[in-house]
1. Give the peptides 18-26, 277-285 in descending order of average Cβ contacts within 10 Å, highest first.
2. Compute the angle between helix 200-231 and the longest alpha-carbon principal axis of the chain, please, reported from 0 to 90 degrees and rounded to the nearest 10.
3. At R0 = 45 Å, how high is the FRET efficiency between residue 96 and residue 45 if r is their beta carbon distance? Nearest 0.05 is fine.
4. Would you kindly state how much longer the chain becomes between residue 196 and residue 238 on full extension, computed as 0.36 nm times their sequence separation minus their alpha carbon distance, in nm to one decimal?
5. Over the chain, what per residue volume does the convex hull of the Cα atoms give, in whole Å³?
6. If you roll a 1.4 Å probe over region 220-295 with all protein chains in place, what percent of the accessible area is carbon or sulfur?
7. Report the relative contact order of the chain, percent, no decimals, based on alpha-carbon pairs under 8 angstrom and at least 6 residues apart.
8. Between 0 and 90 degrees, rounded to the nearest ten: what's the tilt of helix 246-257 against the longest Cα principal axis of the chain?
Amino acid sequence: MADNAVWKACKPFATGSLSGMFATCCIQPVDMVKVRIQLLAGTSEAAGPFTIASNMLKNEGLATFYKGLDAGLTRQVIYTGARLGLFDKFTAMVKTPGKSMTFLENAGCALSAGGLAALVGNPADLALIRMQADSMKPAAERAGYTSVVTTMGMIVKKDGIGGLMAGAGPTATRAMALNFGMLAFNASAKDALGNAGVTGAAQVFGASAIAGFFASFFSLPFDFVKSQMQSQKPDHVTGELPFKSSIDCATKILAEGGPMRFYAGFPTFYVRIAPHAMITLIAQDAIKKHVWPSMGL
């Protein structure tokens with residue numbers, strides 16, 4: 001099986017999917033709080049992460065922290081599997097045997113993989129955002145998104161098949177920023193630590209920690225715009241959407257709240273993104289080095 005051509009082609013993507021799914025199961029509650037903070041930013045209900053988490057638990061119950069988990073896992077199978085798998089494929093194509101890749105080479109592979117993977121994973125990502133935003137509304141106003149499949153079906157019924165690609169531009173841009181911070185810095189940090197004599201678990205953990213910080217730093221502004229774009233609703237009177245494009249959205253946010261508005265909820269975002277990136281990268285390393293070999297794969 002290990003020498004099977006089909007398995008060799010699929011292996012990087014399977015590794016990425018499993019790594020992302022494991023990390024998502026660990027981080028889903030924090031992600032729910034992060035999205036809630038972003039959607040409430042600038043309103044009278046805006047509050048800190050602990051207050052929002054407490055209110056969610058009190059008013060909606062424990063299950064609300066895992067609402068949309070099926071969409072999250074579906075997204076990891078498609079999106080994370082694609083971006084980690086494509087990154088491995090691209091680096092294998094670019095790397096010169098016996099020589100470490102430069103940071104620019106790692107960055108180019110990470111940006112390309114992130115952008116392509118985001119386009120593939122946008123429908124599941126959109127479904128997750130819609131489900132999370134829907135849970136904030138009064139019961140009488142909810143659309144009834146119960147699963148990723150029903151949510152996608154309702155989106156297609158209302159907006160057509162193209163509706164599944166709503167916000168694809170900012171999603172792809174955000175994915176490129178995330179992949180740049182996560183994979184490019186992880187690969188380069190791992191090489192730098194190895195050259196400094198740091199090996200084994202310390203090397204993997206150290207590189208993933210560095211990657212987690214830069215993934216958060218570079219991706220939050222794009223993530224904020226993406227969430228605003230995907231959760232917007234038409235005006236009840238005019239029928240027009242608040243934002244005409246991601247650029248229009250970013251411009252209005254900048255005018256209303258200044259550049260720091262894009263970093264609303266950064267502590268929570270960091271707590272969610274950095275551990276998720278670290279868990280994903282550590283799991284990926286473990287699967288490559290231990291799980292597949294133990295299974296003869």
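The values are calculated or read from the model by the stated rules, or taken from the named source; none is laboratory data. Since the model is a prediction, treat every value here as computed from it, not as a measurement. Positions of Cβ are backbone-derived with ideal geometry, glycine not excepted, and every protein chain shown enters the neighbour counts. Note: areas computed on protein heavy atoms with side chains; ligands, DNA, RNA excluded. Shrake-Rupley method; radii C 1.70, N 1.55, O 1.52, S 1.80 Å.
1. On the way: 18-26: 19.9, 277-285: 23.3.
Sorting 18-26, 277-285 by mean packing, highest first, produces 277-285, 18-26.
2. On a 0 to 90 degree scale, this one is about 30.
3. Numbers: r = 54 Å, r/R0 = 1.21.
Computed FRET efficiency for residue 96 and residue 45 comes out at 0.25.
4. Numbers: separation 42, 0.36 × 42 = 15.12 nm, distance 6.14 nm.
Once the chain is fully extended between residue 196 and residue 238, it gains 9.0 nm.
5. For the chain, the hull spanned by Cα atoms encloses 150 Å³ per residue.
6. Working: 2660 of 3980 Å².
Exposed carbon and sulfur together represent 67 percent of the surface.
7. On the way: 423 pairs, mean separation 71.8, N = 297.
Once divided by the residue count of the chain, the mean separation gives 24 percent.
8. Tilt of helix 246-257: around 70 degrees.
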